[in-house]
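What follows is one structure encoded as structure tokens, with my remarks underneath.
The values are calculated or read from the model by the stated rules, or taken from the named source; none is laboratory data. From a predicted model like this one, the values you see are computed outputs, not experimental measurements. Cβ sites come from the backbone with ideal geometry, for glycine too, and all protein chains shown count toward neighbours. Ligands, DNA and RNA are stripped out before the accessible areas are found, and what is left, the full protein with its side chains, is counted by its heavy atoms. Shrake-Rupley method; radii C 1.70, N 1.55, O 1.52, S 1.80 Å.
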Amino acid sequence: VQLQASGGGLVQTGGSLRLSCAASGRTVSNNGMGWFRRAPGKEREFVATVSWNGGNALYAESVEGRFTISRDRAKNTMYLQMNSLKTEDTAVYYCAASRYATGSSQAEHYTTWGQGTLVTVSS
């Protein structure tokens, strides 16, 4: 399977963006999926994860209440709606598919990673 992340860009503080992660090659409808990010000069960090059926989601404390993760199993696509963006959200965002049906905040539980999409939030 291959994952293609898109939707990044430049936005002002308080703005919104919607990231997409499209899977190809095989279905990921039975896999938990997640978003991670790496800010300049920092380690990769967990952002959000969703279970195989979209019924359960988990967020990093830093994005809770501002970001919403979702998925469309029929389209083999996952989304991250990001609202009230802050400068500290600036990062390359990566989507990933987990080896487990439930979502996970642990990067080591993910077997397939997308190439990343850059989100820049300006003040």
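One table, with the values for the structure above:
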| item | result |
| --- | --- |
| Members of the stretch 41-79 found to be hydrophobic (A, V, I, L, M, F, W, C) and closer than 20 Å to Val1 by Cα, listed by number | Val50, Trp52, Ala74, Met78 |
| The stretch 103-118 residues that are more than 10 Å from Ser6 (Cα to Cα) and small (Gly, Ala, Ser), paired with ones that are open to solvent by less than 80 Å² (accessible area, probe 1.4 Å) and outside any strand (DSSP E or B) (beta carbon under 8 Å, 6 or more apart) | Gly103/Gly32; Gly103/Ser51; Ser104/Gly32; Ser105/Ala60 |
| Tabulated pairs, the stretch 13-38, first without any contact (Cβ under 8 Å) to a residue 40 or more places away in the chain, second assigned to a strand (DSSP E or B), C-beta under 9 angstrom, 6+ apart or interchain | Gly25/Gln2 |
| Elements of type strands (runs of 3 or more DSSP E) contained in the stretch 14-108, each with 3 or more residues being open to solvent by less than 60 Å² (accessible area, probe 1.4 Å) and of a type in the set (Val, Ile, Thr) | 44-50 |
